Amino acid sequence: MSSSCSRILALSACLCIAASLFLAVAPAPARAADIPQIADVELEQALALAGSNRPQLQQALDRCQQKPYTMAAVRFLIASLPVVDLGCATGAELVEHVDLAMQARGEFAYGASYDDALWAHYVLPPRVSQEPLSPWRPYFYAQLRDAVKDCATLEEAAIKVNYWCGERVRFQQTQRRDQGPLATLKSGYGRCEEMVIFYIDACRSVSIPARQAYCPYWAVSDNNHAWSEVLAADGRWHYVGACEPSPTLDTAWYGGAVKQAPIIVSVCFGLPSAAKWSDSYQLVNESGEPILNIKSDAGARYCTLNSTANYRRTGLLVIEGPEEKTDAADTPYYVTVHVFNYGAMRLVARVPFTDGSVALELGAGDYLLSSDAPEGPRTALFHMETGTESRIAWAEQAEAPAELILTFPPDPPVA
């Protein structure tokens with residue numbers, strides 16, 4: 001890989017955050033954007049990974065030769081799919097996902113309230129996480145069409161869908177591997193991520209943009225949690241307890257826990273076509289949301305977003321360190337952020353040094369930092385205050401003590 005390519009990938013994977021007024025402000029409403037364009041070379045990489053299943057994917061492309069919008073959607077879908085789907089998805093399945101997603105958007109009044117990029121990232125995807133690919137869209141659409149046909153806004157429709165889901169699915173621990181939404185429907189239960197898959201698929205079937213969010217590990221108790229976010233008429237994302245109905249958005253049992261969360265992550269299917277450095281030195285997507293990490297290789301292309309500021313007040317950690325490795329310039333040095341959970345230090349974020357620094361937005365509390373940088377400590381203790389920027393030089397940090405106490409105070413009440 002060339003040094004210029006490695007620099008682009010390193011920049012793509014970096015999170016940079018503003019130094020002022022970034023701390024409690026949610027992203028601005030989305031601007032109009034098209035379906036992200038897929039270059040021929042990117043499409044060819046995905047088709048090559050399909051192996052013997054390539055003719056099926058080509059069949060989906062051939063069926064929309066005279067339909068430019070549909071072709072853009074199919075190309076985006078194929079280029080973003082994980083390898084497991086590239087190797088087994090049929091052309092008919094992919095065309096059905098695209099056709100029904102387009103039909104639903106044109107059928108409901110709220111389908112005109114968001115742009116094509118949001119539709120591609122958060123309505124079109126045939127999967128949410130690591131569940132098996134299944135034909136869920138026709139069933140959910142048939143069941144929910146009448147329930148939401150008179151809804152004027154996205155939030156009204158999202159709440160109705162959640163009541164429908166809550167009548168059919170409850171929480172119960174299952175196996176480690178995610179079950180699909182139709183399996184969850186049949187059993188009537190699922191763990192948190194499976195409830196998220198079920199609710200998000202239900203939303204997407206009736207053209208409500210929805211995505212998964214999660215806290216990798218809680219800072220003040222064992223375990224972690226995943227939940228759903230839906231787009232509302234204000235152009236912002238709001239959290240929802242999947243299959244846990246409430247008459248309003250932003251109301252769920254974990255609402256208090258997120259006020260002490262170290263970091264909250266949201267997942268975007270595919271790559272934003274307009275990822276760029278904002279005026280506040282953040283790498284952001286089309287909607288102005290800060291990008292935490294990007295998986296840009298063919299065979300599962302996605303990005304993760306740092307959504308912490310949507311939920312609580314935050315602070316900015318800036319670490320000065322080495323610009324690049326001298327022995328392997330294509331692989332940057334990393335800083336890893338840990339909290340204590342289940343009797344051990346657990347990773348909640350991993351970001352590279354880019355141009356000699358790391359910038360990361362976090363909730364208030366104490367963190368154990370580690371790095372593979374050649375200079376500086378193996379681990380260091382860091383305390384984050386909200387509403388501030390903390391700038392440290394990694395090489396000058398003291399080694400973390402053998403015994404330590406980590407605290408994570410909740411956000412103070414809003415005045």
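The values are calculated or read from the model by the stated rules, or taken from the named source; none is laboratory data. Remember, it's a predicted structure, so these values are computed and weren't measured experimentally. Don't worry about glycine lacking a Cβ; one is built from the backbone with ideal geometry, like all the others, and counts go over all protein chains shown.
Here is a list: 289, 229. Which entry is at negative phi, acidic (Asp, Glu), touching a His at 6+ places or on another chain (Cβ under 8 Å) and surrounded by 22 or more Cβ atoms within 10 Å (Cβ to Cβ)?
229
From the list 91, 166, which residue is surrounded by fewer than 18 Cβ atoms within 10 Å (Cβ to Cβ) and either among the hydroxyl-bearing types (Ser, Thr, Tyr) or in the same structural domain as residue 51 (by TED's automatic domain parsing) (or both)?
Answer to the check: 166.
Does residue 399 fit the bill of being assigned to a loop (DSSP other than H, G, I, E, B), within 27 Å of residue 322 (Cβ to Cβ) and modelled with pLDDT under 90? When the stated conditions are applied, residue 399 does not pass them. The sole residue among 368, 404 that is outside the structural domain of residue 214 (by TED's automatic domain parsing), within 23 Å of residue 293 (Cα to Cα) and in contact (Cβ under 8 Å) with a residue 12 or more places away in the chain is 368.
For region 262-277, the set of residues classified as among the small types (Gly, Ala, Ser), under 21 Å from residue 350 (Cβ atoms) and in a loop (DSSP other than H, G, I, E, B) consists of 275 only.
Scanning region 367-392 for residues that are charged (D, E, K, R) and closer than 26 Å to residue 323 by Cα yields 372, 375, 378, 389, 391.
Within region 242-265, the set of residues being buried (at least 21 other Cβ atoms within 10 Å of the Cβ) and under 28 Å from residue 300 (Cα atoms) comprises 242, 243, 261, 262, 263, 264.
So for region 110-131 (the condition being free of Cβ contacts under 8 Å to residues at least 12 places away in the same chain and hydrophobic (A, V, I, L, M, F, W, C)), does at least one residue qualify? Scanning region 110-131, I find at least one residue that is free of Cβ contacts under 8 Å to residues at least 12 places away in the same chain and hydrophobic (A, V, I, L, M, F, W, C), so the answer is yes.
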